[in-house]
Amino acid sequence: MDAAWPSSAYRLTAHRLFLCLFVWVALLAENREAWFCSPFPSGEGAGGRGHGAVDPFVREYRESNTMLTQVSSSVYCWSEIHGAARGEPYPWNSFVIRKNHRDGLVLVDPLPLSAEEESEIEAMGTPAHILLTCEYHLRESEAFRVRWGCDIRIHAAGAEYSEVLIDETYQDGDRLWDRIEVIHIPDAYHSDEVAFLVRGDGNTMIVGDAVCGGRKDRGIPDGEIWINAPEYVVAGLSGARESLRKLSGHSFQKMAFGHGSPILHAAGDRFTAFLEDDAAWAKLESEKAEKTNPASLEFIREMEARRSRGR
Ligand SMILES: [Fe+2]
């Protein structure tokens, strides 16, 4: 053996460490949403469709979960499963909304689509519009603009710093196609955060990052509502709670989330109960204090600076 060279085992370990570091950096750069929606950012990036390396557990789960799910008579959902590698699968979600006519489907926060999901959507009609709950949920919007010629729409507060061309903006209270009402909730998470109230079939409230549904990775049962990552809420939890009260002023039976399982019955009552549950919010404050870290503090500083510049 040549003593001037490390052993083959040592070289193999060093090579693996370098490879892991490279993959980790690449995933962080590419999948920024994972920072805010998962307590395990780099791991979630590895599990996402369209984000390079795909975890084999995620691939297996995905291949058995490639069809659209119907939320209401006009709202459908497709999902990307995260956390499966840890045995804690939970969905990230995107939505298809049917307007009054066959053509002109609306996509919300569009994640990548499987071939089967794409076929299902095209059987319903042609996507014409993409609505974003916040700029952070651009996801595959650019690709679908090319694919179907969709326009991309976002709240005016997010258009100013978006990395892509925004075709149209909306404001609080706008009613789109007599079907979807825009509700701006600026302190709930991101300053451009909105929820969409979809009229019909008991009404469906769609939210992005503001609150989540059941998440096995967080120990949140299906049917419950919680905050995705309280340490990243810029306005603080009291500000978020106040902003979210705007949603409880509306009537809705179903609630669907960017992250976590939807609630399909009595969702408005469930949401109001969550808002008024002082013990739950005290627990969230504890969770926030426990999880606050340099990355979340830096994010909050950056967002506050953006707001102070009038964006
Ligand atoms: Fe998100």
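The values are calculated or read from the model by the stated rules, or taken from the named source; none is laboratory data. All of these numbers come straight from a predicted model, not from anything done at the bench. For neighbour counting, all protein chains shown are included, and Cβ atoms are generated from backbone atoms with ideal geometry for every residue, glycine included.
Structure data summary
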quantity	calculated
Selection within the range 194-208 - assigned to a loop (DSSP other than H, G, I, E, B) and within 13 Å of the ligand (Cβ to nearest atom)	GLY208
Residues of the range 263-282 that turn out to be touching a residue at least 60 places away in the same chain (Cβ under 8 Å) and either within 16 Å of the ligand (Cβ to nearest atom) or outside any helix (DSSP H, G or I) (or both), as a count	1
Cβ-Cβ under 9 Å pairs, at least 6 apart or on other chains, the range 209-226 side at negative phi and assigned to a loop (DSSP other than H, G, I, E, B), far side modelled with pLDDT of 95 or more and of a type in the set (Lys, Arg)	GLU224/ARG270; ILE225/ARG270
Hits in the range 144-182 (condition: in a strand (DSSP E or B) and either crowded, with 22+ Cβ neighbours inside 10 Å or modelled with pLDDT under 90 (or both))	ILE152, ILE154, HIS155, ILE180
Hits in the range 243-262 (condition: crowded, with 17+ Cβ neighbours inside 10 Å, away from the ligand (no atom under 16 Å from the Cβ) and either of a type in the set (Gly, Ala, Ser) or modelled with pLDDT under 95 (or both))	SER243, SER248
Test for ALA159: is it hydrophobic (A, V, I, L, M, F, W, C), more than 24 Å from GLU122 (Cα to Cα) and touching a strand residue (DSSP E or B) at 6+ places or on another chain (Cβ under 7 Å)	yes
Members of the range 133-178 found to be within 16 Å of the ligand (Cβ to nearest atom) and touching a His at 6+ places or on another chain (Cβ under 8 Å), listed by number	CYS134, GLU135, TYR136, HIS155, GLY158
Out of SER238, SER248, sole residue that is in contact with a helix residue (DSSP H, G or I) (Cβ under 6 Å, 6 or more places away or on another chain) and of a type in the set (S, T, N, Q)	SER248
The range 212-232, residues that are farther than 16 Å from ALA266 by Cβ and of a type in the set (A, V, I, L, M, F, W, C)	CYS212, ILE220, TRP226, ILE227, ALA229
